[in-house]
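Asks: What follows is a structure written as structure tokens; I'll ask about it next.
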Amino acid sequence: MSKSKYGLNTICTHVGEIKDEQFKGAVSPIYLSTSYQFDEVDVKRYPRYFNTPNQEYLSKKIAALEHSEAAMIFGSGMAAISTTFLAFLKKGDHIVVQNTLYGGTSNFIKEEFHKYGIEYTFTDGYEVADFEAAIQANTKLIHIETPSNPLLTITDIKGVADLAKSKGILTTIDNTFASPVNQNPIDFGIDIVIHSATKYLAGHSDILAGAVACSNAHKEIIWNVAKNLGGSLSDFTVWMLERSMKTLALRVKAQNRNAKKLAKYLSEHEDVNKVFYPGLKSHPQYDLAKSQMKGFGGMLSFELTEGLDASQFQKALKLIKPSGSLAGVESTMLSPHKTSHALLSSEERKAIGISDNLIRFSVGIESKPDLIEDIEQAVAKVKATKLQTQE
Ligand code: PLP
């Protein structure tokens, strides 16, 4: 673990800046070259080698935020996830994967791994014992996601890391939902932290990117595969990501505050059946969440009471956008069964607790009363429609 001497907001603002030596500008210049001098230099730079100046410097910010030695930036979260898995797994190896996780990751494993001869087991649950039960003699990797998408279950990061270490197994975590502001898994013994940087790191719903944070030795292994798979990010977008990340801690802390208040409001609402938010004392893993998270995050899920249609409710919203993806400064809601988990069969969804009535709420930075007013008017509209159809 290597910790920056700077505080969180200073890391976000300044670590990984490229000094504009020529014109003394306040922000990092963008280096768009795909062609760099090849002789008399130590580093052969090329965008697909993940080592242009903008990629190299922004990696320092991500590493400082995740308390890691090194980091890499990818063209998407899935590029980061798939490259990392393929870097550490080969024919005959086995991976243990948490059962409640982002649908795209599950889909990648189910659709691609058999082509490489890689075996996998999805755990029955998210307790450490569930991971232990799934380990085989050829297990090389354990992958977790906490808080999970979309049910916000909490996995014991240290528990899984300790278990894996005791058996010489590598660990990866998808830290997208928490962001490095709320959770630093490397401090709990996880080897490799992965992000869909499309989400909180970018934060404005206008950048697709991914990131990996780990040791120098693990980065070397990932890099050797990454340069062959070619999932690097354009330098213009790297620069955009650097700019966006200057406000990462400010944004995420505002989202933490809003989400906590909205979760409480929804949990007391007569038309809401269930709320899933790790910052609610009623969450079955509140104590565990508190022990490993610095903030509870901006994501929550809830179910409307029976008979209130989740799709109609989302269509009736005026301010909150019913839209895919998450973690932007604007609030969004979606139905996981139609979006992030549409690739799973309805039986698979049911088995992991995702009902068709579940709504995932990515809480933005808007004023709380405006979000509440929007929810109230949408609920009222859906109830009125229900009454009309009954008449
Ligand atoms: N991990 C999580 C938790 C996600 O929510 C997503 C996307 O929604 C991904 C990974 C994949 O990231 P990307 O869409 O940037 O490829």
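The values are calculated or read from the model by the stated rules, or taken from the named source; none is laboratory data. Please read all numbers here as calculations on a predicted model, not as lab measurements. With ideal geometry, Cβ positions are generated from the backbone for all residues, glycine too; neighbour counts draw on all protein chains shown. The accessibility values were calculated without ligands, DNA or RNA, using every heavy atom of the protein model including side chains. Shrake-Rupley method; radii C 1.70, N 1.55, O 1.52, S 1.80 Å.
Asks: If you check S311 against the conditions, is it within 24 Å of E366 (Cα to Cα) and small (G, A, S)?
Replies: Yes; evaluated as a whole, the condition is true for this residue.
Asks: List the residue pairs whose Cβ atoms are under 8 Å apart, where the first residue sits in segment 197-222 and is more than 21 Å from Y49 (Cβ to Cβ), the second is away from the ligand (no atom under 14 Å from the Cβ) and among the basic types (K, R), and the two are 6 or more positions apart or on different chains.
Replies: What qualifies is Y200/R251; G203/R251.
Asks: Quick check on segment 24-72: of everything there that is of a type in the set (V, I, T) and modelled with pLDDT of 95 or more, which residue is nearest to the ligand (Cβ to nearest atom)?
Replies: Result: I62.
Asks: Anything in segment 180-214 that is open to solvent by 10 Å² or more (accessible area, probe 1.4 Å), away from the ligand (no atom under 16 Å from the Cβ) and assigned to a loop (DSSP other than H, G, I, E, B)? List them, or say none.
Replies: Hits for segment 180-214 are G189, D191.
Asks: What's the total number of residues in segment 1-27 that are loosely packed, with under 12 Cβ neighbours inside 10 Å and of a type in the set (F, W, Y)?
Replies: Summing the residues that are loosely packed, with under 12 Cβ neighbours inside 10 Å and of a type in the set (F, W, Y) in segment 1-27 gives 1.
Asks: I'd like to check which helices (runs of 4 or more DSSP H) are fully inside segment 215-290 and have at least 3 residues that are open to solvent by 20 Å² or more (accessible area, probe 1.4 Å) and within 30 Å of K140 (Cβ to Cβ).
Replies: Ranges flagged: 216-229.
Asks: Which of the numbered conditions does V382 fail, given that it passes all the others? Conditions: (1) closer than 24 Å to P278 by Cβ; (2) open to solvent by less than 40 Å² (accessible area, probe 1.4 Å); (3) touching a residue at least 60 places away in the same chain (Cβ under 8 Å).
Replies: Exception for V382: condition (1).
Asks: Name the one entry in I365, I372, I320, I354 that is farther than 30 Å from L241 by Cβ, surrounded by 14 or more Cβ atoms within 10 Å (Cβ to Cβ) and modelled with pLDDT of 95 or more.
Replies: Checking each option against the conditions leaves just I372.
Asks: Inside segment 73-104, can you point out the residues that are closer than 18 Å to A211 by Cα and away from the ligand (no atom under 14 Å from the Cβ)?
Replies: Matches in segment 73-104: L86, A87, F88.
Asks: In segment 105-120, which residue that is within 19 Å of I222 (Cβ to Cβ) and either within 15 Å of the ligand (Cβ to nearest atom) or over 23 Å from the mean Cα position of the chain (by Cα) (or both) is most open to solvent (accessible area, probe 1.4 Å)?
Replies: Y116
Asks: Tally the residues that are within 15 Å of I73 (Cα to Cα) and touching a Lys or Arg at 6+ places or on another chain (Cβ under 9 Å), restricting the search to segment 30-52.
Replies: 6
Asks: Collect the residues in segment 146-168 that are open to solvent by 10 Å² or more (accessible area, probe 1.4 Å) and away from the ligand (no atom under 16 Å from the Cβ), keeping them in residue-number order.
Replies: Selection gives D156, K158, G159, D162, L163, K165, S166, K167, G168.
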